Amino acid sequence: MKSTMQDVPLTIGRLLEHVSIVHPDIEVVTATPDGSRRRTYGEIGERAARLANALRGMGVDADQRVATFMWNNAEHLEVYATAPAMGAVLHTLNIRLFPEQVTYIANHAEDHVVVVDASLLPAFEKLLPTFRTVRHVLVAGPEAAEADLSALQATGVDVQLYENAIEAAEPTFAWPAVDETSAAAMCYTSGTTGNPKGVVYSHRSAYLHSMAVAMGDSLALTAYDRVLPIVPMFHANAWGLPYAAMMTGAMLVMPDRWLQPEPLVRLIQAEKVTVSGAVPTIWNDILGYVDEHHSDLSMIRQVACGGSAVPVSLQRALQERHGVKMIQAWGMTETSPVASVSWPPPGVEGEDEWQYRGSQGRLGASMQARIVGDAGIELPRDGESVGELEVRGPRVTGSYYPEDDAESQEKFHDGWLRTGDVGSLDRLGYIKLSDRSKDVIKSGGEWISSVDLENALMAHPDVVEAAVVGIPDEKWDERPLATVVLRDGATTTPEQLRAHLADTFAKWQLPDAWAFIAEVPRTSVGKFDKKVIRKSFADGELDVARA
Ligand code: ADP
């Protein structure tokens, strides 16, 4: 039987229309050096129409890629909304990747227009001559009017000020009907374990993902919230926070380039932020700052953390010392990204609650997962059997871009995505990861979880950060090397740290090589960069003690 319901596509255009009509007075706030600049969703609705007209004038009339090279700010949100709503494809470029990778990505995606923040021109000027398909550049942000554009103009590409283009354009736009399965946005993985790979989201997947992020058992977003996405909009859609805010009418508080703990805490307090999202390294920095300055964070209702394993010690410290409830989420660029969120099941309390909150979370609605062992056989969902995590669902990519990309075929099979993450799944759908497959430490044929070791080390009061990698060993193939950042003034020894771990780990799992370092190298999105640590060890750059 055919349903009688209206066939209205689930598109980004609907979100833009909804937020600008139903929540026109709610603001999008962008941090400035001495305060903020503010714009309402109603104003953004009109500016989006103007931007669409301006882009159409630049030949964006089909699925051309409109790229961004921007911080999190109101203009970035306007491009996020406008490009997909007009039927084009938003492509967020990661401003922190190595230049060669940005060049590769922009050319691979065949970007047509780039909107760039004036504050990023020094980096962008070097990139533009390497972009083969870019025809137009729009320079945005408060500094744009004073910016020297001569280097960009010298490339022969059309260069305009974003604000001028918006001002000159008509304030209404005939938004086209867009198929919900068509491309809305694309994003490349941050390349932590290899070359960046492109993922193309559909309108439908972005819409469903926004609903999933806004749900009560995820971030429970409403128009009463003031959301601070610290996680960059150039990486994995800022975990869907911008679109989820548009869906719910939540106010957005954008940090722009002020990502150090002091301005972030100031912004949280000034704008009474209720919800935020960032990777563990950022929260760790914020924790250090608020511990030292006794800052008030009581306005926060909940923060999300993910991108890499979130130590329970970090969650507990924020909750017990500052009343900030942190919830861990797991996901990948390939999964839109949020796929699981670690709310414990009802009735679970005390230490058991922390067991769940230390996990990568419970699968969200519409997500399916399985654990697959060495021989390609599905393992039981018993919370113990460890293998590779595979997922599928309507917000999981079915391939990389382009669809026939031969190099990446092995990541997909029978409709499942091989995540490259290793761990277990329990009967209630909670994921517990022990490693990424490329970081797994295999010692004497047995796996040692670097994530578990890191979490335990970071629970030691003298340890700021710790990253554990496998190093070659003649007898055992590999052994764990712990690289540790100690608190200022701490004189803790490897023997003491080993003794601290000995309570919870078997002897053969304990690191026997130790290096104290000034900071853990990080990737472009703030994750521990284990490739760099392994290379430093191989090049003899680490001062390694055996214990
Ligand atoms: P990249 O693969 O380049 O790092 P992504 O940002 O898409 O790009 O990273 C996704 C990966 O991040 C996941 O496959 C997983 O390894 C890691 N990750 C994300 N969230 C968590 C989490 N909560 N715990 C552990 N690892 C996580």
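Quick note: the coordinates plus some simple rules give every number you see, no bench work behind them. None of these values were measured; they are calculated from a predicted model. Virtual Cβ from ideal backbone geometry, glycine too; neighbours counted across all protein chains shown.
Counting 0.36 nm for each residue step from A270 to I377 and taking away their Cα separation leaves a gain of 33.2 nm. With viscosity set to 1.567 mPa s at 4 °C, what whole-number translational diffusion coefficient in µm²/s follows for segment 439-546 from Stokes-Einstein and a Kirkwood radius over Cα pairs? Translational D for this selection: 93 µm²/s.
Cross-linked pairs K325/K432; K475/K530; K126/K438: Cα-Cα separations exceed 31 Å for K126/K438.
For segment 194-338, a crude dipole built from +1 on the beta carbon of Lys and Arg and -1 on the beta carbon of Asp and Glu, taken about the Cα centre, is about 280 debye to the nearest 20. With a Förster radius of 35 Å applied to the beta-carbon distance between E167 and S36, the computed FRET efficiency rounds to 0.95. Only the Cβ atoms of Lys and Arg (+1) and of Asp and Glu (-1) were treated as charged; on that basis the dipole of the chain about its Cα centre amounts to roughly 520 debye.
Around the Cα centre of segment 439-546, unit charges on the Cβ atoms of Lys, Arg, Asp and Glu (plus for the first two, minus for the last two) sum to a dipole of about 160 debye. The DSSP beta bridges internal to segment 115-233 are antiparallel in roughly 40% of cases. Structural descriptor for the chain: relative contact order 10 percent, calculated from alpha carbon pairs under 8 angstrom and at least 6 residues apart. When both bridge partners sit in the chain, DSSP labels roughly 60% of those beta bridges antiparallel.
When the Cα atoms of the chain are aligned to their principal axes, the ranges along those axes come out at 70, 62, 46 Å in descending order.
With the contact rule set at Cα under 8 Å and sequence spacing of 6 or more, what percent relative contact order holds for segment 439-546? About 24 percent, as a whole number.
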